[in-house]
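Inspection log for the structure reproduced underneath, given as structure tokens.
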Amino acid sequence: MTSVSCKQEALASTTLEKKVFPWYVYIDGSSFKDIEPVKEIISSISVFGNPPKSFIDECHQNHIEVYQAVGGNEETIDTPQKRKALVEKYVSDCNANGYDGIDLDLEHLRPDIQDAYTEFLKLASKELHAVGKKLSHCVSFYPALYQDNETKMFHDPAVLNATCDLVRVMCYDMYFAPGINKPELKHRDDCMGIGPTSNYPWTKEAMLFWMKHIPSDKLVMALPAYANDYAVTGDIKGRQVYQSVPDSINGILPSSTWLCYEKVNMYLYDGTDGNRHMFYASDARSTEALLELADELGISQIGFWHFNSVDPQMWDTTAKWKKK
């Protein structure tokens, strides 16, 4: 028998408004005109780059929240003085430019920095919330790191839950294509072997892991809008391609093979570089499968890395998902 509380939780998950939170890379020539065609789909963007305040204001006029996306490493937060200065800069940038919050994208930090990172999160949360701003954090899912409950990460999931308004699960880089055969990255599981940047069962595993630690209404299921392309003749080399299909060869697009378990389209083709290639796509069909997974899990907030490479068919698929 299903408990009343479980039924209530399931009902709540189905009635939450569906929202789309992509990252946006602001470069020379960027403007709100890029967002205009899909502005009704988007609730929030997290911006890498330095947009003018007028861009942020225009987003707000169209009911789109704007986070400032920031990176960093161990050295940026390893002393109280550095943490204080960095958080002060976050608050200053938010107030000066009108950002709604900060989106922390720190990745692959050493586990031994966890205590300092906890203090950093607590300070950032306190100071941002004091001025009405929000704190968002990007997280990954690498099975080698999460083999048991004792495995220490650079961030404590309990602290993330206590300090952050949003936790964005990066459901991509399952295989980090540029890292294959790189000696300095041979210790990383995501650089061993070849495959898609994301697939259905791995994304489900990633979300189920984070759902154990973070309430579903704080989670963003972030999906890829790029492909993994490997030259598999001789020494394997990989790259990330920000398009949903490989380049045409002599004007002809290679045919795809649908991998039914992974729910990914794969292309096998001979490239202009003389090598045989395997191209694992992120496209409308794989996106549709992952959006169905979001519904199955009761996740109402999704995102894309990144806005600039989401193709029209993927936007159409996302718009239909929002209306379901």
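With the condition kept exactly as written, say whether any residue in the range 179-199 is under 16 Å from the mean Cα position of the chain (by Cα), farther than 24 Å from VAL91 by Cα and not in a loop (DSSP other than H, G, I, E, B).
Pass one, the range 179-199, residues under 16 Å from the mean Cα position of the chain (by Cα): 190, 196-199.
Checking which are farther than 24 Å from VAL91 by Cα leaves us with 190, 196-199.
Checking which are not in a loop (DSSP other than H, G, I, E, B) leaves us with 190.
Yes: one or more hits.
Quick one: GLU184 ticks every box in (1) touching a residue at least 12 places away in the same chain (Cβ under 8 Å); (2) more than 30 Å from ALA284 (Cβ to Cβ) bar one, so which box is it?
Just one mismatch for GLU184, condition (1).
Which condition breaks for PHE209 when tested against (1) in contact with a strand residue (DSSP E or B) (Cβ under 8 Å, 6 or more places away or on another chain); (2) at pLDDT below 95?
It is condition (1) that PHE209 fails.
Starting from residues that are over 18 Å from PRO312 (Cα atoms) and not basic (Lys, Arg), keep the ones in the range 14-29 and report whichever is modelled with the highest pLDDT.
TYR26
Output yes when any residue across the range 25-33 is in contact with a helix residue (DSSP H, G or I) (Cβ under 9 Å, 6 or more places away or on another chain) and among the charged types (D, E, K, R), and no when none is. I'd like the intermediate steps shown before the answer.
First, the residues of the range 25-33 that are in contact with a helix residue (DSSP H, G or I) (Cβ under 9 Å, 6 or more places away or on another chain): 25-27, 30-32.
Filter again for among the charged types (D, E, K, R), leaving none.
Scanning the range 25-33 turns up no residue that is in contact with a helix residue (DSSP H, G or I) (Cβ under 9 Å, 6 or more places away or on another chain) and among the charged types (D, E, K, R).
Quickly run through the range 252-276 and pick out the residues that are buried (at least 19 other Cβ atoms within 10 Å of the Cβ) and modelled with pLDDT of 95 or more. Show your work before the answer.
Step one: of the range 252-276, the residues buried (at least 19 other Cβ atoms within 10 Å of the Cβ) are 262-265, 269.
Passing the criteria: GLU262, LYS263, VAL264, ASN265.
Taking the range 183-195 as the region of interest, how many residues are surrounded by 13 or more Cβ atoms within 10 Å (Cβ to Cβ) and either farther than 13 Å from VAL232 by Cα or among the small types (Gly, Ala, Ser) (or both)?
Of all residues in the range 183-195, those surrounded by 13 or more Cβ atoms within 10 Å (Cβ to Cβ) come to 185, 188-192, 194-195.
Within this subset, residues satisfying the condition of being either farther than 13 Å from VAL232 by Cα or among the small types (Gly, Ala, Ser) (or both) are 185, 188-192, 195.
Within the range 183-195, residues that are surrounded by 13 or more Cβ atoms within 10 Å (Cβ to Cβ) and either farther than 13 Å from VAL232 by Cα or among the small types (Gly, Ala, Ser) (or both) number 7.
Can you say whether SER92 is without any contact (Cβ under 8 Å) to a residue 24 or more places away in the chain and small (Gly, Ala, Ser), as far as the supplied structure shows? Reasoning before the result, please.
Values: without any contact (Cβ under 8 Å) to a residue 24 or more places away in the chain: yes; small (Gly, Ala, Ser): yes.
Against the criterion (without any contact (Cβ under 8 Å) to a residue 24 or more places away in the chain and small (Gly, Ala, Ser)), SER92 qualifies.
Tally time: how many residues in the range 278-302 are surrounded by fewer than 22 Cβ atoms within 10 Å (Cβ to Cβ) and either part of a strand (DSSP E or B) or of a type outside the set (A, V, I, L, M, F, W, C) (or both)?
Number of matching residues: 9.
Can you give me the number of residues within the range 232-251 that are at pLDDT 90 or above and either assigned to a loop (DSSP other than H, G, I, E, B) or not small (Gly, Ala, Ser) (or both)?
The initial filter retains those residues of the range 232-251 that are at pLDDT 90 or above, namely 232-233, 236-246.
Still in the list and also either assigned to a loop (DSSP other than H, G, I, E, B) or not small (Gly, Ala, Ser) (or both): 232-233, 236-237, 239-246.
Here the count works out to 12.
Kindly check whether there is at least one residue in the range 136-158 that is assigned to a helix (DSSP H, G or I), surrounded by fewer than 22 Cβ atoms within 10 Å (Cβ to Cβ), of a type outside the set (A, V, I, L, M, F, W, C) and within 23 Å of the chain's Cα centre (by Cα). If you could, list the steps in order and put the result at the bottom.
Looking only at the range 136-158, we keep the residues that are assigned to a helix (DSSP H, G or I), and these are 157-158.
Going one step further and asking which of them are surrounded by fewer than 22 Cβ atoms within 10 Å (Cβ to Cβ), we end up with 157-158.
Remaining after also requiring of a type outside the set (A, V, I, L, M, F, W, C): 157.
With the extra rule that they be within 23 Å of the chain's Cα centre (by Cα), the set shrinks to 157.
Yes, the range 136-158 contains at least one residue that is assigned to a helix (DSSP H, G or I), surrounded by fewer than 22 Cβ atoms within 10 Å (Cβ to Cβ), of a type outside the set (A, V, I, L, M, F, W, C) and within 23 Å of the chain's Cα centre (by Cα).
Where residues in the range 53-69 are under 20 Å from LYS89 (Cα atoms) and in contact with a Lys or Arg (Cβ under 9 Å, 6 or more places away or on another chain), which of them is surrounded by the most Cβ atoms within 10 Å (Cβ to Cβ)?
Checking each candidate, the answer is TYR67.
Return the residues of the range 69-121 that are among the aliphatic types (A, V, I, L, M) and farther than 30 Å from GLU58 by Cα; say none if nothing qualifies. Break it down into steps so the answer makes sense when it comes.
From the range 69-121, those among the aliphatic types (A, V, I, L, M) are 69-70, 77, 85-87, 91, 96, 102, 104, 106, 109, 113, 116, 121; that's our starting set.
Answer for the range 69-121, where residues must be among the aliphatic types (A, V, I, L, M) and farther than 30 Å from GLU58 by Cα: ILE77, LEU109, ILE113, ALA116.
Tally up the residues in the range 16-47 that are farther than 24 Å from LEU291 by Cβ and within 20 Å of the chain's Cα centre (by Cα), please. Step through it out loud before you land on a result.
Step one: filter the range 16-47 for residues farther than 24 Å from LEU291 by Cβ, giving 26-33.
From the residues that got through so far, the ones that are within 20 Å of the chain's Cα centre (by Cα) too are 26-27.
Of the residues in that region, 2 qualify.
MET174 versus (1) crowded, with 21+ Cβ neighbours inside 10 Å; (2) in contact (Cβ under 8 Å) with a residue 40 or more places away in the chain: which is the lone unmet condition?
(2)
For the range 16-70, which residues satisfy the criterion of being part of a helix (DSSP H, G or I) and either within 15 Å of PHE307 (Cα to Cα) or of a type in the set (D, E, K, R) (or both)? Write out each step before concluding.
Keep residues of the range 16-70 that are part of a helix (DSSP H, G or I), which gives 32-34, 36-38, 53-61.
Across the range 16-70, the qualifying residues are PHE32, LYS33, ASP34, GLU36, PRO37, VAL38, LYS53, ASP57, GLU58, CYS59.
The values are calculated or read from the model by the stated rules, or taken from the named source; none is laboratory data. Small disclaimer: the values here were computed from a predicted structure and weren't measured. Reconstructed Cβ throughout: ideal geometry from the backbone, glycine too, with neighbour counts over all protein chains shown.
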